[in-house]
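The values are calculated or read from the model by the stated rules, or taken from the named source; none is laboratory data. All values reported here derive from a predicted model rather than from experimental measurement. Note: ideal-geometry Cβ built from the backbone for every residue, glycine included; neighbour counts use all protein chains shown. SASA here: full protein model, heavy atoms, side chains in, ligands and nucleic acids out. Shrake-Rupley method; radii C 1.70, N 1.55, O 1.52, S 1.80 Å.
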Amino acid sequence: MLSRWTLPRDANRLNTIRLDVMELTEKIDNAIKFVSDTFYALVYRLAASRVGVPDYRELVEKKLETAHELYEFMVNQFNEARLFVLEVAITLLCLLDVLLLFRGK
């Protein structure tokens, strides 16, 4: 239960890494767009397809999606723990209120 309180920090770290990877892949895509010579662009596309860049790109996209799902799971786990603590606190306050009400009579 106490380990859930570190989830926001871990989730933030995971999300930072995920955003960094997304930014890096976007920069790579944008760098390719600046190739003005059609011959070099064609050579790049042929070399990329031969090396398997589209496969790696798809793999990176799947891993980013998995990281996003893990991030959402971690945040949800923390929120559930926080709500549990709030519910316990409210229940204790209600019990205290009832005890003080009966004690006053």
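Can you give the accessible area per residue of region 34-105, in Å², using a 1.4 Å probe? Don't skip to the end; give the middle numbers.
Details: 6350 Å² over 72 residues.
Counting only protein heavy atoms, the per-residue value for region 34-105 is 88 Å².
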Accessible surface of Phe84 - all protein chains present, 1.4 Å probe, nearest 10 Å²: 110 Å²
Selected from Gln77, Ala89, Val21, residue furthest toward positive end of dipole (the chain; charges at beta carbon): Ala89
Crossing angle, helix 7-33 versus the chain [Cα axis fit, 0-90 degrees, rounded to tens]: 20 degrees
Potential lengthening between Arg13 and Ile90 on full extension [0.36 nm per residue; Cα-Cα distance subtracted]: 24.5 nm
The chain: C-alpha gyration tensor shape, a/c 1.5 cut-off, then a/b vs b/c: prolate
The chain: angle of helix 38-51 to the longest principal axis, Cα-based, in degrees nearest 10: 60 degrees
Degrees, to the nearest 10: 53-104 long Cα axis against longest axis of the chain: 10 degrees
